[in-house]
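Enquirer: Below are the structure tokens for one structure; questions will follow.
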Amino acid sequence: MAVITRFLGDISLAEEAVQEAFATALARWPQSGIPPSPAGWIITTARNKALDRLRKEATRSERQYAAQLLIEEEQLEEHDVHDDRLRMIFTCCHPALAPDAQVALTLRLLGGLSTEEIARAFLVPPATLAQRISRAKAKIRDTGIPYRVPEATDLPARLRTVLAVVYLIFNEGYSAASGDELLRGELCDEAIRLGRLLGALMPGEPEVLGLLALMLLIDARRDARTVGGDLVRLAEQDRERWDESKLEEGRALMRDCLAQNRPGPYQLQAAINAVHSDASSAARTDWRQILELYDQLMVIAPSLVVALNRAVAVAEMGGADRALQLVDAIDLPQYYLLHAVRADLLRRLGRTADAAFAYQIALEKCENAKEREFLARQYQSLTRN
Amino acid sequence: MKQYLLSVCYQAGSTQPAPEALGKIMSDVMAVRKEMQTAGAWVFSGGLHPPSSSTVLRHQNGEVVLTDGPFVESKEQIGGITIVQVADLDAALDWARKLARATATPIEVRPFMEHRS
């Protein structure tokens, strides 16, 4: 797909050509056998299909365009695929596209999900998602978003957008913002697959590896995060159910990152999760190290959400009082987790009535059914005592 | 090559910067224009009088009727435009970034339709 898009300069045309090439392959390969280079065969066939179509449909100017393509005909090899996928990622995640369009395009063109599946995962009607994708493609075409890897000076900012898109996909899967299913595993798998792809394409960018490590370390807890469909907090999870191979892969990636000595927000978040994963029990968590990592995170990528997580670490080190002061200074009134954390701190401090009230606010703000059930259980246990 | 319209946007009713600040903005904008011209990207640019200075013409029942004032009363207004001719959106965005810094106002970037002849 990526190779053909560069060749044709049009994503929609490339998509149709690749689909036709696969259809031809399905018809032909059972008889003729699989060619020595299947990907190369698909690329060549798709290119020829696209050229045929351009010739057939050509108005005068388009005929010139097709002729130009033929003159510029270059040897398309499989190793081009590497660079073309990288170009495709940066095009899909161009900052001139709206974030939801970036996500939809990335999943559609680089991920393995169909439009239907993406629509289901994001709880939007398939027609809405299809329209979102076709609008984004039209904008890429009409506005002349280039199909190339940004220059070195633009790369850090552009890479941040790419990583943000992949992490957004992961988070949407891991803690779905709304809806009834807590985990939408296919989105997590897809985000990790994209993370691996980015890691293979840009092994020299520690934040790319940091993001992959972060996703693996979090995803390792996927099975332990629910029992009988109910949400289980990190502290109460059965650590035997953590996926050791994912943890090990995440830790190994972290070691590679550390060797590059260029820390960034994803690496620090991964490091925090690595500390959690190293503790044999919740009580043995090295909160001092976690707090230090949050302090660093507050320096390089301060945000209210980071401040909230840092406050949790402060509480775990025995400073529930101090943590409550910190939480009360964070201006995130619409964020349900802030109220949930506040409620938990008030409960620890024995301020039951205030805690109950905070749980009620958290329940009002929370849109995920599973998380709501969890909050409701917390609230009930509080009022029962 | 593609052509892009870079519009300088401002909020309706916002007051003009003080004369000395305006002078600085004007010279910064001129510097960007010079840079565009040197790079061969510049096609046209110009500032606009306020929307109240506009006249609208409508074709009605075979007649063209004139009315005073802007076509739509809008909150966002265009203070000036620049047209650049560059390879792609990224190149247009680079110029728009410079213009946004010089004018200290939002810049809207919009591609012209291509007319292949």
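Enquirer: Below 8 Å between Cα atoms, with a sequence gap of 6+, how large is the relative contact order for chain A in percent?
Expert: For chain A, the relative contact order is 10 percent.
Enquirer: On a 0 to 90° scale, report how tilted helix A:11-32 is relative to the longest principal axis of chain A, with both axes built from alpha carbons and the result rounded to the nearest 10.
Expert: The answer is roughly 70 degrees.
Enquirer: 5 Å is the cut-off here: which amide hydrogens, built 1.01 Å from N in the peptide plane, fall below it relative to A:Thr226, excluding neighbours closer than 5 in sequence?
Expert: A:Val232
Enquirer: For A:Asp100 and A:Ser32 in one chain, what is 0.36 nm times their gap in residues minus the Cα-Cα distance, to one decimal in nm?
Expert: Extending this stretch completely gives an extra 20.2 nm.
Enquirer: Rank these for me by crowding, A:Glu20, A:Glu172, A:Glu248, going from fewest to most other beta carbons within 10 Å.
Expert: Ascending number of Cβ neighbours within 10 Å: A:Glu248, A:Glu20, A:Glu172.
Enquirer: By average Cβ neighbour count within 10 Å, what is the ranking of B:61-71, B:98-108, A:293-303 from highest down?
Expert: Packing proxy ranking, top to bottom: B:98-108, A:293-303, B:61-71.
Enquirer: Any idea what % of Cα-Cα pairs in the stretch B:2-111 are farther than 17 Å?
Expert: 59
Enquirer: Please list the radius of gyration and Dmax for the stretch A:94-201, considering alpha-carbon atoms only, with Å as the unit.
Expert: 14.0, 43
Enquirer: Taking each residue of A:135-143 in turn, how many C-beta atoms of other protein chains fall within 10 Å of its C-beta, and what is the average?
Expert: Mean shielding count: 2.
Enquirer: Full-extension gain between A:Glu248 and A:Asp321, please, as 0.36 nm times their residue separation minus the C-alpha to C-alpha distance.
Expert: That works out to 22.7 nm of additional length.
Enquirer: Counting other C-beta atoms within 10 Å, which of B:Met30, A:Met88, A:Met202 has the fewest, and how do the rest follow?
Expert: Ascending Cβ contact count within 10 Å gives the list B:Met30, A:Met202, A:Met88.
Enquirer: Counting other beta carbons within 10 Å of each Cβ, put A:Phe357, A:Phe122 in order, fewest first.
Expert: A:Phe357, A:Phe122
Enquirer: Taking 7 Å along the Cα-to-C-beta vector as the label spot, tell me the B:Val43-A:Val305 distance in nanometres, rounded to one decimal.
Expert: Spacing of the two 7 Å Cα→Cβ label points: 4.0 nm.
Enquirer: Give the long-range amide H neighbours of B:Gly79: residues separated by 5 or more places, or on another chain, with amide H under 5 Å away, using H modelled in the peptide plane at 1.01 Å from N.
Expert: B:Val8, B:Cys9, B:Tyr10
Enquirer: Skipping prolines and chain starts, which residues have an amide H placed within reach, meaning under 5 Å, of the one on A:Ile145, given they are 5 or more residues away or on another chain?
Expert: Residues meeting the criterion, in which the H sits 1.01 Å from N, are B:Leu89.
Enquirer: Would you mind computing Rg(Cα) / (2.2 N^0.38 Å) for chain A, counting N as its residues?
Expert: Dividing the Cα Rg of chain A by 2.2 N^0.38 Å gives 1.16.
Enquirer: What FRET efficiency, computed as 1/(1 + (r/R0)^6) with R0 = 60 Å and r the Cβ-Cβ distance, is obtained for A:Ala138 and A:Asn261, rounded to the nearest 0.05?
Expert: Once rounded, the FRET efficiency stands at 0.90.
Enquirer: Hey, got the average number of other protein chain Cβ atoms within 10 angstrom for residues in B:108-114?
Expert: 2
Enquirer: Determine which residues of the stretch A:338-367 fall in the zone a paramagnetic label at A:Ala279 would reach in this model, i.e. backbone nitrogen under 16 Å from the point 7 Å along Cα→Cβ.
Expert: Those under the cut-off are A:345.
Enquirer: Based on DSSP H runs of at least 4 residues, each adding -39500 (n - 2.57), what is the mean residue ellipticity at 222 nm of chain A after dividing by all its residues, to the nearest 500 deg cm²/dmol?
Expert: Helix-only estimate at 222 nm: -23000 deg cm²/dmol.
No value in this document is a laboratory result; all are computed from the given coordinates. None of the values given here were measured: they were computed from a predicted structure. Cβ sites come from the backbone with ideal geometry, for glycine too, and all protein chains shown count toward neighbours.
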